[in-house]
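Enquirer: One structure is given below, represented as structure tokens, and several questions about it will come after.
The values are calculated or read from the model by the stated rules, or taken from the named source; none is laboratory data. All values reported here derive from a predicted model rather than from experimental measurement. Quick reminder, even Gly has a Cβ in these numbers, built from the backbone with ideal geometry, and neighbours come from all protein chains shown.
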Amino acid sequence: MPSPAAVTTTLPHSGIREIVDLALSLDTPLVRLEIGEPDFPTPANIVEAAAAAGRRGASYVQASGIPPLRGALAEALGRRYDLDVPSSRVLVSHGAVHALDSVLRAVVAPGDAVMIPDPAWPNYEMQARLLGAEVVHYPMPAERGYLPDADEIRALVTPRTRAIVLNSPSNPTGALLPRHLVEEILRIAVEHDILVVSDEVYDEIVFDGAPVCAASIAPDHAVSVFSFSKTYAMTGWRVGYALVPEWLADPLTRVLESSISCLSSVNQAAALEAITGDQSAVARMREAYRARRDLAVGMLTEAGFDLVTPRGAFYLMVPLADGADSRAAALDLVTRGLSTAPGSAFGQGAPHALRLSLAASEESIRTGVGTLIAWHRETAGGLALEAETVRR
């Protein structure tokens, strides 16, 4: 019989999805803080715009996105980051994950090197490895506030380095890269003619400081990727977009054509209403996430945890005891009625930590954090777990 490509048999499953699948398989009540799924409904005006588009009739449209949406996105980016952006540099994708994957496909060949942060959302590494690229991790340790060091990144660059992935605000840490640091990394990219692929999907969920659009600083050497999923509670609608260099627009369009033909015209109508309509829901959700962050950080700090307070996104990294196995901890917590994401799912940089998603209700966060605090005390921060938990 035919056999799968070798890379697909060695590609690890997502450590986040392991917990998600386990949570979905249980019939018992569970406080779910393992996945970044906003608990808010998609605003009604967006849903109605989609319904109206559906009644008019869905059809094939341009692979790079319908012109009204691309124009509206260019205008919105211009207002947000004080830019003069032509719509030709804005391409629409099937969610941000599709934009990230398509950009890498457009510039990375087998044997090239792709630099990604550690800890980081695991899909970056999965996408690079599927392309036959070498993955090079640059560290973002907790003791540095989960921020990278530009000199460390520079030292890791080789003639084979084709792309550097940034993510700010960060999943899983909530860290927000300051402008001067983004500028330093972009200088490295320009010097070595490398493309920076900047995942900025949480750019409108920032609590302290301001987001930085990498593509606005080095327009020929950076791609900024955005999404409607988190900003507008539209995860299931699967609409993302990217601000790309002019030289990349046509190659990237070819990749989009080959992978999805085009994004649903109904979903693009919803996105058009989201970006041009009433924005008050965005501010309300952002303030709710801020309150949830403050609640979780306050409870854990009072209980004696040493935390790095996230400045954006809706995630919080909670340290376990040194030497504790985060996967074992996450599996054990599910039996206690709480699902979290193990730090090991995000690389080697946070093996003794758990990621909490603060996209759940305040009641769920209060209950879940209380469970975590009690569990932490009972298990000595996870060190007292039995070996059987690890083997599951």
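Enquirer: Mind checking which pairs have a first residue in region 50-76 that is of a type in the set (D, E, K, R) and a second that is in a helix (DSSP H, G or I), Cβ under 6 Å, 6 or more apart or different chains?
Expert: Here the result reads ARG70/SER87, each pair linking region 50-76 to a residue that is in a helix (DSSP H, G or I).
Enquirer: Any idea which of GLU37, GLU18 is closer than 30 Å to LEU372 by Cα and in contact with a Ser or Thr (Cβ under 7 Å, 6 or more places away or on another chain)?
Expert: The match here is GLU37.
Enquirer: Here is a further query. If GLY304 meets every condition in (1) assigned to a helix (DSSP H, G or I); (2) over 21 Å from the mean Cα position of the chain (by Cα); (3) not hydroxyl-bearing (Ser, Thr, Tyr) apart from one, which number is that one?
Expert: Of the numbered conditions (1) assigned to a helix (DSSP H, G or I); (2) over 21 Å from the mean Cα position of the chain (by Cα); (3) not hydroxyl-bearing (Ser, Thr, Tyr), the odd one out for GLY304 is (1).
Enquirer: What is the number of the single condition among (1) surrounded by 15 or more Cβ atoms within 10 Å (Cβ to Cβ); (2) in contact with an Asp or Glu (Cβ under 8 Å, 6 or more places away or on another chain) that GLY78 does not meet?
Expert: The failed condition is (1).
Enquirer: Examine region 347-363 for a residue that is outside the structural domain of LEU147 (by TED's automatic domain parsing), under 16 Å from VAL20 (Cα atoms) and of a type in the set (S, T, N, Q), and state whether such a residue exists. Please lay out each step first, then the result.
Expert: The first filter runs over region 347-363 and keeps only residues outside the structural domain of LEU147 (by TED's automatic domain parsing), leaving 347-363.
Applying the additional criterion that residues be under 16 Å from VAL20 (Cα atoms) yields 354-360.
Remaining after also requiring of a type in the set (S, T, N, Q): 357.
Checking region 347-363: at least one residue is outside the structural domain of LEU147 (by TED's automatic domain parsing), under 16 Å from VAL20 (Cα atoms) and of a type in the set (S, T, N, Q).
Enquirer: Something else: Tell me, please, whether a residue that is over 30 Å from SER88 (Cα atoms) and either modelled with pLDDT of 95 or more or not assigned by TED's automatic domain parsing to the domain that holds PRO351 (or both) can be found in region 254-267.
Expert: No.
Enquirer: Just the residues that are under 17 Å from MET285 (Cα atoms) and in a helix (DSSP H, G or I), please, taken from region 197-235.
Expert: The answer is THR235, and nothing else.
Enquirer: A follow-up question, please. What tally of residues in region 307-366 results from selecting those that are among the aromatic types (Phe, Trp, Tyr) and in a loop (DSSP other than H, G, I, E, B)?
Expert: 1
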